[in-house]
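The structure appears below as structure tokens.
The values are calculated or read from the model by the stated rules, or taken from the named source; none is laboratory data. Source: prediction; values computed, not measured. Glycine gets a Cβ as well: all are built from the backbone with ideal geometry, and neighbour counts include every protein chain shown. Ligands, DNA and RNA are excluded from the accessible area calculation, which covers all protein heavy atoms including side chains. Shrake-Rupley method; radii C 1.70, N 1.55, O 1.52, S 1.80 Å.
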Amino acid sequence: MTIIHISAECYPIAKVGGLADVVGALPKYQNKEGVTSQVIMPFYNNTFTKENSFSTIYESKIDLGNQDFEFRILVLNEKPLDFEVFFVDVPDLVFKDYVYSMDDTDRFLAFQIAALDWLLTLDKKPDIIHCHDHHTGLIPFMLQESYKYEVFRKTPNILTIHNAQYQGWFSHEKVGLIPPFNFDHVGLLDWGGSINPLAAGIKCAWRVTTVSPSYMNELQQAANGLESLLSAESAKCSGILNGIDWSVWNPETDTYLEKNYSIETVASGAAANKKYLCETFNLDSNKPLFAFIGRLVDEKGSDLFPEVFKNALQKNNLNILLLGSGVPFVESQLEALKKDFVGTYNAFIGYNEKLSHIIYAGADFLLMPSRVEPCGLNQLYALRYGTIPIVRSIGGLKDTVIDISEENGFGISHLNVTVPEINDAMDRGIVLYQDQTKYKKLRKDIMKIDHSWDVSAQEYLNLYKSIKTD
Ligand code: ADP
Ligand code: GLC
């Protein structure tokens with residue numbers, strides 16, 4: 001069986017968030033199960049593409065409305081990854097030094113059309129076309145409706161929703177950019193008066209998955225306008241929990257860490273990483289370290305951080321370190337807080353892969369007060385590195401973190417995203433930290449929890465195999 005994943009991100013090539021981690025790991029684990037799993041993604045002007053060399057395996061032009069664009073399919077000359085990656089290079093549209101921006105409609109349409117045009121030319125076509133998020137949401141529609149892709153009508157396609165908040169809406173004025181199709185079916189593209197690639201994908205994909213069972217249920221009540229569609233399509237929808245790549249996220253071998261450690265040596269190993277963080281960010285290593293890593297957007301509850309942090313820091317019994325970027329107003333408030341709490345608070349506004357790994361290793365608690373969290377990978381990395389997650393009980397967080405008050409509990413969870421509830425959860429963290437015997441035992445216990453991709457990769461394979469093609 002050959003599976004092709006079509007995605008805007010893939011670690012370590014281009015990463016904005018968890019989508020990259022998933023697409024950079026799932027094919028690797030699927031290949032271990034004896035299938036051929038590959039990725040096709042855009043060719044960006046980024047560090048990875050500058051540092052590697054590529055060969056062209058196919059060249060052609062795509063029509064985008066009444067304009068045409070040259071495109072090439074590239075492959076890596078060396079093979080540093082455990083799966084094959086094909087790059088779609090559309091020099092005039094896609095090759096930018098960013099993944100997402102304001103020009104996404106034309107860029108991702110060009111990417112999707114070029115990818116399918118190339119797949120059309122293959123002698124051995126994929127058995128499964130697996131699309132990820134709205135950037136590839138028009139593919140199920142085009143496979144079903146565009147005349148030129150008729151040969152794919154019997155090829156099953158899957159759409160995985162990593163985040164239904166983002167849907168890729170654009171105006172019907174741009175419908176001419178989509179390769180010709182039976183216009184009687186234009187309604188399949190529409191949701192609420194615009195072309196909605198995520199909605200079109202949900203309507204046309206053979207199966208729809210999302211990245212945790214709880215998020216799948218929640219989507220029928222809250223999906224940024226797509227609730228009724230997801231309820232109507234629920235028979236073909238399922239939730240498959242994300243895993244993590246154990247070979248990348250392993251405190252024993254992680255080359256980003258100041259000091260590697262195992263379950264047996266976590267006390268000294270985590271302390272060495274904490275010491276590095278405290279020295280680098282001028283924090284107090286005698287106090288517990290609470291951290292946040294992620295996008296500073298409302299979904300993550302980050303608009304409440306300035307107030308939450310101020311309340312917590314005033315008690316002078318903890319440190320807070322934040323790594324992230326996002327809404328400029330939140331960024332500037334978080335920067336401004338630095339001068340009020342010198343010695344116990346710091347923030348790195350930006351993206352830094354290495355620092356994120358050291359924080360997972362060196363922090364004592366990881367905060368995730370998300371309003372929406374389809375799966376969340378940060379809490380899984382925290383567990384693997386022996387850092388206690390403090391989460392809002394929703395989506396994948398609900399499926400992966402059990403509160404310490406419950407049987408076999410190991411994390412701290414709260415029900416609502418409010419300043420008092422987040423502060424209260426942090427206070428519970430302080431109480432736990434004061435009981436060092438319990439805290440140290442928990443730290444070892446959580447490192448044993450197995451969230452590697454083995455189980456979930458198999459679940460995807462079972463899903464593909466369950467699809468009847470005639
Ligand atoms: P989302 O995809 O919604 O942003 P996830 O929890 O699924 O959330 O995944 C986020 C991924 O991005 C994790 O690998 C996390 O470590 C990483 N990440 C997020 N923000 C940053 C940042 N500022 N610097 C480094 N890594 C980050
Ligand atoms: C999205 C979600 C996140 C999930 C990730 C990978 O970005 O916001 O919760 O973990 O995709 O599936």
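Scanning the range 18-38 for residues that are in contact with a Ser or Thr (Cβ under 9 Å, 6 or more places away or on another chain), of a type outside the set (Val, Ile, Thr), within 16 Å of ligand 1 (Cβ to nearest atom) and farther than 15 Å from PRO80 by Cβ yields a count of 3. TYR460 passes every criterion in (1) out of contact with any Pro (no Cβ under 8 Å at 6 or more places or on another chain); (2) open to solvent by 10 Å² or more (accessible area, probe 1.4 Å); (3) modelled with pLDDT of 95 or more apart from (2). Residue pairs whose Cβ atoms lie under 8 Å apart, separated by 6 or more positions or on different chains, with the first residue in the range 65-92 and not assigned by TED's automatic domain parsing to the domain that holds ALA115 and the second outside any loop (DSSP other than H, G, I, E, B), do not occur.
Can you tell me which residue is farthest from TYR11 (Cα to Cα) among those in the range 238-264 that are open to solvent by 60 Å² or more (accessible area, probe 1.4 Å) and over 24 Å from the mean Cα position of the chain (by Cα)?
Filtering first and then ranking leaves GLU264.
Taking the range 77-107 as the range and being open to solvent by less than 10 Å² (accessible area, probe 1.4 Å), modelled with pLDDT of 95 or more and under 17 Å from GLY168 (Cα atoms) as the test, only ARG107 passes. Residue check: TYR381 meets all listed conditions (1) open to solvent by 40 Å² or more (accessible area, probe 1.4 Å); (2) in a helix (DSSP H, G or I); (3) of a type in the set (Ser, Thr, Tyr) but one, namely (1).
Residue pairs whose Cβ atoms lie under 8 Å apart, sitting 6 or more positions apart in sequence or on different chains, and linking a residue in the range 31-45 that is assigned by TED's automatic domain parsing to the domain that holds LEU19 and closer than 9 Å to SER7 by Cβ to a partner that is polar (S, T, N, Q) and buried (at least 18 other Cβ atoms within 10 Å of the Cβ), are VAL39/SER7; ILE40/SER7; MET41/SER7.
For SER268, the conditions (1) open to solvent by 70 Å² or more (accessible area, probe 1.4 Å); (2) over 27 Å from the mean Cα position of the chain (by Cα); (3) not β-branched (Val, Ile, Thr) all hold with the exception of (1). Filter the range 157-215 for residues that are touching a His at 6+ places or on another chain (Cβ under 9 Å) and aromatic (Phe, Trp, Tyr); which is farthest from ligand 1 (Cβ to nearest atom)? Ranking the qualifying residues of the range 157-215, first place goes to TRP169. For the range 304-326, the tally of residues that are within 15 Å of ILE293 (Cα to Cα) and either surrounded by fewer than 16 Cβ atoms within 10 Å (Cβ to Cβ) or among the polar types (S, T, N, Q) (or both) stands at 2. Please determine whether any residue of the range 358-376 is within 16 Å of ligand 2 (Cβ to nearest atom), free of Cβ contacts under 8 Å to residues at least 40 places away in the same chain, in contact with a strand residue (DSSP E or B) (Cβ under 9 Å, 6 or more places away or on another chain) and outside the structural domain of ALA14 (by TED's automatic domain parsing). No - not one qualifying residue is present in the range 358-376.
Being under 13 Å from TYR460 (Cβ atoms), within 19 Å of the chain's Cα centre (by Cα) and assigned to a helix (DSSP H, G or I) is the filter here, so list the residues in the range 18-41 that pass it. Within the range 18-41, VAL22, VAL23, LEU26, PRO27, LYS28, TYR29, GLN30 meet the criteria. The helices (runs of 4 or more DSSP H) found entirely in the range 264-363 that carry 1 or more residues being within 24 Å of GLY396 (Cα to Cα) are 305-314, 353-362. The number of residues in the range 24-37 that are of a type in the set (S, T, N, Q), under 21 Å from ILE244 (Cβ atoms) and surrounded by fewer than 18 Cβ atoms within 10 Å (Cβ to Cβ) comes to 1.
Does THR265 fit the bill of being of a type in the set (Val, Ile, Thr), farther than 15 Å from ILE359 by Cβ and out of contact with any strand residue (DSSP E or B) (no Cβ under 7 Å at 6 or more places or on another chain)? So THR265 passes the test. With respect to the conditions (1) over 30 Å from LYS28 (Cα atoms); (2) touching a Lys or Arg at 6+ places or on another chain (Cβ under 9 Å); (3) of a type in the set (Ser, Thr, Tyr), SER325 lacks only one, and its number is (1). A count restricted to the range 38-61 and to residues that are over 14 Å from LEU74 (Cα atoms) and either within 16 Å of ligand 2 (Cβ to nearest atom) or surrounded by fewer than 16 Cβ atoms within 10 Å (Cβ to Cβ) (or both) stands at 3. The residue that is farthest from ALA312 (Cα to Cα), counting only those in the range 394-414 that are part of a helix (DSSP H, G or I) and open to solvent by 30 Å² or more (accessible area, probe 1.4 Å), is ASP399. For the residues VAL391, VAL417, the requirement of being in contact with a Leu (Cβ under 9 Å, 6 or more places away or on another chain), away from ligand 2 (no atom under 11 Å from the Cβ), assigned to a loop (DSSP other than H, G, I, E, B) and at pLDDT 95 or above singles out VAL417. Taking the range 173-237 as the region of interest, the helices (runs of 4 or more DSSP H) fully inside it that hold 2 or more residues being buried (at least 22 other Cβ atoms within 10 Å of the Cβ) and either touching a residue at least 12 places away in the same chain (Cβ under 8 Å) or among the hydrophobic types (A, V, I, L, M, F, W, C) (or both) are 197-204, 213-219.
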